[in-house]
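Asker: Handing you this structure, nothing more for now.
The values are calculated or read from the model by the stated rules, or taken from the named source; none is laboratory data. Just so it is clear, the model here is predicted, and its values are computed rather than measured. A quick note on method: Cβ atoms are made from the backbone with ideal geometry, for glycine too, and the neighbour counts reach across all protein chains shown. Areas reflect the complete protein model, heavy atoms only, side chains present, ligands, DNA and RNA absent. Shrake-Rupley method; radii C 1.70, N 1.55, O 1.52, S 1.80 Å.
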Amino acid sequence: MMAKFLLLIMSSLLIVSFCSGANSPPPPPVTDATLIQVAGSLQMFVDPLPQMPTIYGYNNSSGTPQPTSITIGMYQKQWKFHRDLPPTTVFAYGTSAADATVPGPTIEALKGVPVSVTWQNFLPQNHILPWDPTIPTAIPMSGGVPTVVHLHGGVHDPTNDGSAFAWFTANFSEIGPAWTKPTYTYPNVQHAGNMWYHDHALGLTRENLLAGLIGAYIVREPAVELPLDLPFGAEFDRRFMIFDRSFNTDGSLYINNTGIIPSVHPQWQPEYFGHAIIVNGKAWPFMNVQRRKYRFRMTNAANARYFHLSLSNGVYFTQIGADASYLPAPLQLQTILLGPAETADVIIDFSTATATEILMNNDAPYPYPNGDPVDNLNSKVMKFVIATGNPSVPDISTIPTSLVSYQGSTTDPIATTRYLALYEYTDPSGSPTHLYINGKRVEDPVTETPKSGTTEIWEVINLTGDNHPLHIHLATYQATRVQPLTNVDQFTSCMTQQYDALACNVTSYLSGQVLDIPANEKTWKTTVKLAPGTMTTVVVKFNLVETNSPYPFDPTLAPGYAYHCHILDHEDNAMIRPLVVLP
């Protein structure tokens, strides 16, 4: 059955044109100076921070939460990213075209209460952004925009995972080889935490997310969370989705029309970086706050940009969670580094501020960590404006001394140790052409086949100059140590010939200097940062870490899962590999 599925995948990668612009000559390039001018013309901190609509993934009419079904569509519409920017054509999630937003509605679920979501595609015949048919891409024969939704951090069987090959176009007129059904059921069996949903169509993730197909998803567990007395309620418990965009003079979204090596890939470039920083769909917004504690669940939803966040005027973050898990105890931090797809769950206590305005800033180079420094545009994220006087409602929330302790990362026997290496391939001039894991394509046979219920060690070797955020579908995992490599060029030379870390004697290239994992990442995560020139040890669990129990569903079904870099331009070309769980 799996062999048949792989044949279907390979047949789906045939290159055909269906969108206007795929074969036609690109328009004249837009200069970076123009993009900077457009972004620089937008006054910061004039738009209030939006709060995305909430859809509850349960029915409480009987007094006891019950499973429910909801329908969310994908629509093309106009969106105002800034007061002074013309309306922008976007793709957006919503219960209707009128209600669709960027980001989409927040789905709020309860642990143990399943929610079924019917995802509908109402997108047009042609994409609003240029795309590249020379990378592995979902290309329907009769037109339309392929989409499929992946719940990032979700724990569910493969038929509900949003495989890159399970794409579909409007009205399901064409479907990918792994498509099975229009309705996904999320059992919400994992512990409380922060997730998000986004498009995952093969080769189009960077365009579809750039166009706006992102949204937040929260799993709550009242029995565990209410005793913590954290800030609660729609006003004081907020979701931030942070990303970057550039705009043309007419307000339209900018993405390059021409590739870094047009003779190889006419449109693809290795990273997308926008000049305007967007939070919840507004460029550099402000938020009015009271002198009290707030909880902010902050997700980096950028295509490639890392955010190294800080607060002005001596205010600090108290981090209580990372990705979809709590930390063992709160941490006071001056800065937080978020790679693409990472979430930081923080409390900010504005009652301690001496100023009336607090800026959230960013100083992460791009690409991270050795790229260009930030400028006066991408170094600012948003502003908090603190009201005078006491809060309208007394702040009874607390910052507890301890939070949630899950099973440790080293308590289970290790079923196997895998070595994975990340490669960037270049042309003679040194320009990137594609990126692979272990030298293999996305359509090559599966090599990662963990057994359900086991724990594995993944030694992930980064042979590139970039930091890469690794995301593994289904599993929860955490990095336990990082070791720098010595003689990286020599080791890379061996690896590009043998693609075998043990045959290349990887241990002889480790410097011996073990780098500690930051304290705010010592929990079970859904994304792990991989520093360049290092080997990162990642403990990967294929069970429910909260109870150390088996999955209450069959994870061995086709089409399986995937793991990939979450820099979307890398994932698309093609730093993504299949993963199949065995009984």
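Asker: Quick one: which residues, 5 or more positions from S325 or on another chain, have an amide H under 5 Å from its amide H? H modelled 1.01 Å from N in the peptide plane, none for Pro or chain starts.
Answerer: N194
Asker: Next question. Once amide H atoms are built 1.01 Å from N in the peptide plane, which residues 5 or more positions from L530, or in another chain, come under 5 Å H to H?
Answerer: Those qualifying (amide H under 5 Å, at least 5 residues apart or on another chain) are H468, L470.
Asker: Which residues in segment 108-131 have a backbone N closer than 16 Å to a point placed 7 Å from the Cα of N59 along the Cα-to-Cβ line?
Answerer: Counting only backbone N, you get 110, 113-118.
Asker: Now, a different point. On alpha-carbon atoms, Rg over Rh for the chain using Kirkwood Rh?
Answerer: 0.94
Asker: A further question follows. Return the distance in nm (one decimal) between the two label points of a simple spin-label model at T388 and A97, each offset 7 Å from Cα along Cα→Cβ.
Answerer: Simple spin-label model gives 4.8 nm for this pair.
Asker: A follow-up question, please. Short version: ³J(HN,Hα) in whole Hz for each residue of segment 154-168, in order, from phi by Karplus 6.51 cos²θ - 1.76 cosθ + 1.60 (θ = phi - 60°), x for Gly and Pro, what are they?
Answerer: My calculation for segment 154-168 gives x, 10, 7, 6, x, 6, 10, 8, x, 3, 4, 9, 9, 5, 8 Hz in order.
Asker: Grab the other residues whose beta carbon is less than 15 angstrom from that of D32, score K and R as +1, D and E as -1, and report the net.
Answerer: -3
Asker: Hey, got the dipole for segment 197-338? About the Cα centre, +1 on K and R Cβ, -1 on D and E Cβ, debye to the nearest 20?
Answerer: Values: 12 positive and 11 negative charges, 82 e Å.
Dipole magnitude for segment 197-338 comes out near 400 debye.
Asker: In nm, to one decimal, how far is the S452 label point from the D363 one, both placed 7 Å along Cα→Cβ?
Answerer: The answer from the label model is 4.9 nm.
Asker: Just to be sure I understand the model, the point goes 7 Å from the Cα along the line to the Cβ. What's the resulting S549 to T34 distance in nm?
Answerer: 5.9 nm
Asker: Shifting gears a bit: For N303, enumerate residues with amide H under 5 Å from its amide H, sequence gap 5+ or separate chain, H modeled in the peptide plane.
Answerer: For N303, whose amide H was placed from the backbone, the distant partners under 5 Å are D244.
Asker: Per residue, how many Å² of accessible area does segment 187-232 show with a 1.4 Å probe?
Answerer: I get 20 Å² per residue for this part.
Asker: What list of ³J(HN,Hα) values in whole Hz, one per residue of segment 441-453 in order, does the Karplus curve 6.51 cos²θ - 1.76 cosθ + 1.60 (θ = phi - 60°) give from phi, with Gly and Pro shown as x?
Answerer: Result, rounded to whole Hz: 7, 5, 8, 6, x, 5, 10, 9, 10, x, 8, 4, x.
Asker: In a shell of Cβ-Cβ distance under 9 Å around S397, excluding S397 itself, what net charge do Lys and Arg (+1) and Asp and Glu (-1) give? Can you show the working numbers first?
Answerer: Working: positive: R292, K293, R295; negative: D229, D395.
Combined, the nearby Lys, Arg, Asp and Glu give +1.
Asker: Using only the Cα atoms of segment 37-226, build the gyration tensor, take square roots of its eigenvalues as a ≥ b ≥ c, and label the shape rounded, prolate or oblate: rounded if a/c is under 1.5, else prolate if a/b is larger than b/c, else oblate.
Answerer: It is oblate, given that a/c is not under 1.5 and a/b is not larger than b/c.
Asker: Another question, then. Let's see if you can work this out: charge +1 on each Lys and Arg Cβ, -1 on each Asp and Glu Cβ, no other charges. What is the dipole magnitude of the chain about its Cα centre, in debye to the nearest 20?
Answerer: Around 760 debye, computed over the chain.
Asker: Could I ask something else about it? Picking from N487, Y509, L422, whose Cα lies most toward the positive end of the charge dipole for segment 416-579 (charges on Cβ: Lys, Arg +1; Asp, Glu -1)?
Answerer: Value computed over the given set: Y509.
Asker: Rounded to a whole number, what % of the accessible area of the chain do carbon and sulfur atoms account for, probe 1.4 Å?
Answerer: 55 percent
Asker: Could you check what % of the DSSP bridge pairs in the chain are antiparallel, to the nearest 5?
Answerer: Details: 97 of 132 bridges.
The antiparallel fraction comes to roughly 75 percent.
Asker: Now for a separate question. Go through M44, M52 and list them by solvent-accessible area, largest first, probe radius 1.4 Å.
Answerer: So, going from the largest accessible area down, we get M44, M52.
Asker: From the phi of every residue in segment 399-411, what ³J(HN,Hα) in whole Hz does the Karplus formula 6.51 cos²θ - 1.76 cosθ + 1.60 yield, where θ is phi - 60° and glycine or proline is x?
Answerer: Each residue's phi maps through the Karplus curve to give 10, x, 6, 9, 10, 10, 10, 9, 4, x, 7, 10, 8 Hz.
Asker: What value, in deg cm²/dmol to 500, does the helix sum -39500 (n - 2.57) over DSSP H runs of n ≥ 4 give at 222 nm once divided by the residues of the chain?
Answerer: Dividing the helical sum by the residues of the chain leaves -2000 deg cm²/dmol.
Asker: Now a separate question. Pull up the cross-link candidates among the aspartates and glutamates for K111, meaning alpha carbon to alpha carbon under 17 Å and not fewer than 8 places away within one chain.
Answerer: Within the straight-line cut-off, K111 pairs with D157, E221, E225, D323, E546.
Asker: Take the alpha carbon atoms of segment 546-573, find their center, do the same for segment 288-352, and report the distance between the two centers in whole angstrom.
Answerer: 26 Å
Asker: Mind scanning K383/K529; K293/K525; K181/K541; K282/K383 and naming the pairs with a C-alpha gap bigger than 21 Å?
Answerer: Beyond 21 Å between Cα atoms: K383/K529; K293/K525; K181/K541.
Asker: Taking 0.36 nm per intervening residue step and subtracting the Cα-Cα distance, what contour gain separates Q78 from N376 on full extension?
Answerer: Separation in residues times 0.36 nm, less the Cα-Cα distance, equals 104.5 nm.
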